Amino acid sequence: MTILFTARKADLKPGLKTLAERKLEKLERLLHENPDAHIILTQEKHRHLAEIIVRARVGTLTAKADGADFQESLGQAIDRLVAQARKHHEKIARGRKRRAMRDSPRRSGGAALGAPGPDAPLETDGPVIVPMGRVPVKPMSVEEALLLMQDSPDPFLVFRDADSQQVSVIFRRGDGRFGLIEPET
């Protein structure tokens, strides 16, 4: 890390330089790079002002603080910079997680989130319908469908009722029971 010190109406002591270098190492680890830092120390009567400007690949981070002495103001300013870097780091991580979830092979290519597919129109006025595939409709009784549904992790089962030859749906309810949907005859 390249650190440039500027002292305005103040004496720059070697202890302040080592303190700043030691504390800015945290910033270096958070940003995963070697940024350039400019530390400006100003003394106005009894106020000791510290301003730090860090130029990194992610952007420019700045922080100002004042205190009774330079060590206090420098520490506060560096803590503020570290907080900014953490916030930026978390923002990037959230973006990575969002992209990973969107591009996950478990999802149907991002179409489940409402993102348009390759052959879908770009703008729609209503809700987006996502084709989820075809379901084989096997003839069976309601009891057989219930037994299959108890062993299956799927939320529903479409089957043809063996007695009435009508297509019916059995589904798992939120309370743990099962629901049956039959067409009107």
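The table that follows gives values for the structure above.
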quantity	calculated
Residues H46, H88, sorted so that the one with the fewest Cβ neighbours within 10 Å comes first	H46, H88
Antiparallel content of DSSP bridges confined to the chain, in %, to 5	75
Calculated SAXS-style log₁₀ I(q)/I(0) at q = 0.12, 0.14, 0.20, 0.27 Å⁻¹ - region 135-185, Debye, Cα scatterers	-0.22, -0.31, -0.62, -1.07
Restraint check, K26/K87; K26/K97; K17/K87, Cα-Cα greater than 22 Å	K26/K97; K17/K87
Label-to-label distance, nm, for residues given as E33 and L19 (7 Å Cα→Cβ offset)	2.9
Sum of side-chain charges, G179 neighbourhood, beta-carbon under 9 Å (Lys, Arg +1; Asp, Glu -1)	+3
Taking the convex hull of Cα positions in region 2-102, its mean projected area over all directions (nm²)	6.2
DSSP loop trypsin sites (Lys or Arg not before Pro) with at most 15 other Cβ within 10 Å excluded, longest remaining stretch of the chain	58-105
Rounded to the nearest 20 debye, dipole of region 135-185 from Cβ charges on Lys, Arg, Asp, Glu	160
Electrostatic dipole magnitude of the chain [Cβ: Lys, Arg +1; Asp, Glu -1; Cα centre; debye, to 20]	1260
The chain shape via C-alpha gyration tensor axes, a/c threshold 1.5	prolate
Ranked F5, F159, criterion: other C-beta atoms within 10 Å, fewest first	F5, F159
Mean residue ellipticity (222 nm) of the chain, computed from DSSP H runs ≥ 4 via -39,500 (n - 2.57), nearest 500	-11500 deg cm²/dmol
Region 135-185: relative contact order in percent, alpha carbon pairs under 8 Å with at least 6 residues between	30
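FYI, it's all coordinate maths here, none of it is from the lab. On a predicted model such as this, the values are computed, not experimentally measured, just so you know. Cβ: placed from backbone, ideal geometry, glycine included. Neighbour counts: every protein chain shown.
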